[in-house]
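The values are calculated or read from the model by the stated rules, or taken from the named source; none is laboratory data. In this text the structure is predicted, and so the values were computed from the model without any measurement. Reconstructed Cβ throughout: ideal geometry from the backbone, glycine too, with neighbour counts over all protein chains shown. What goes into the accessible areas is simple: the full protein's heavy atoms, side chains included, and nothing from ligands, DNA or RNA. Shrake-Rupley method; radii C 1.70, N 1.55, O 1.52, S 1.80 Å.
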Amino acid sequence: MSHELDILALYGLLVIILIVIQVLFAISQVGLPMLARPRDDMPRLTGTAGRMERCVANSVTAMALFAPAILILAAREGFGGGTLLAAQVFLIARLAYALLYPAGIPWARTAVWGLGFFATLYLYAAAL
């Protein structure tokens, strides 16, 4: 098994942890009964709970982009030093994003988002 696939698995675990944290913040803001019923009339989450909700949505989108690149590289046996570095940069950037976004730190959050995005772009270029 390659290290890039390990990084994909670690990122999946990070997203799961973020979902749990987001649910806990949502429960503290609107209560479990509101989360247990249809969300048609759920109030908009604000503050850290809202930022966590958006952080999770962005993290899932990032997973949807990162995972295919890693799986294509695995299928083509295309892993190398550059792909490992790009996957590591992606994971570190996404971890930083997960800390910075809920904390409400905008420019640093944007910078690490960009690092993760360009690392993903590099992986697709390597897969071609």
Considering only region 2-38, state which residues are among the small types (Gly, Ala, Ser) and either open to solvent by less than 30 Å² (accessible area, probe 1.4 Å) or touching a residue at least 40 places away in the same chain (Cβ under 8 Å) (or both). 2, 12, 26, 31
So the check is Cβ under 9 Å with 6+ separation or different chains; which pairs have a first residue in region 58-83 that's assigned to a helix (DSSP H, G or I) and a second one that's open to solvent by less than 60 Å² (accessible area, probe 1.4 Å) and of a type in the set (D, E, K, R)? 59/94; 62/94; 63/94; 66/94; 70/4; 73/4; 74/4; 83/4
Taking region 81-102 and keeping only residues that are more than 14 Å from the chain's Cα centre (by Cα), open to solvent by 40 Å² or more (accessible area, probe 1.4 Å) and not small (Gly, Ala, Ser), one is left with 84, 85
Checking residue 105 against (1) in contact (Cβ under 8 Å) with a residue 40 or more places away in the chain; (2) more than 13 Å from the chain's Cα centre (by Cα), only one condition comes out false. Which one? (1)
Of the residues in region 1-50, how many are modelled with pLDDT of 90 or more and among the charged types (D, E, K, R)? 3
So which residues in region 39-57 are without any contact (Cβ under 8 Å) to a residue 24 or more places away in the chain and not aliphatic (A, V, I, L, M), if there are any at all? 39, 40, 41, 43, 44, 46, 47, 50
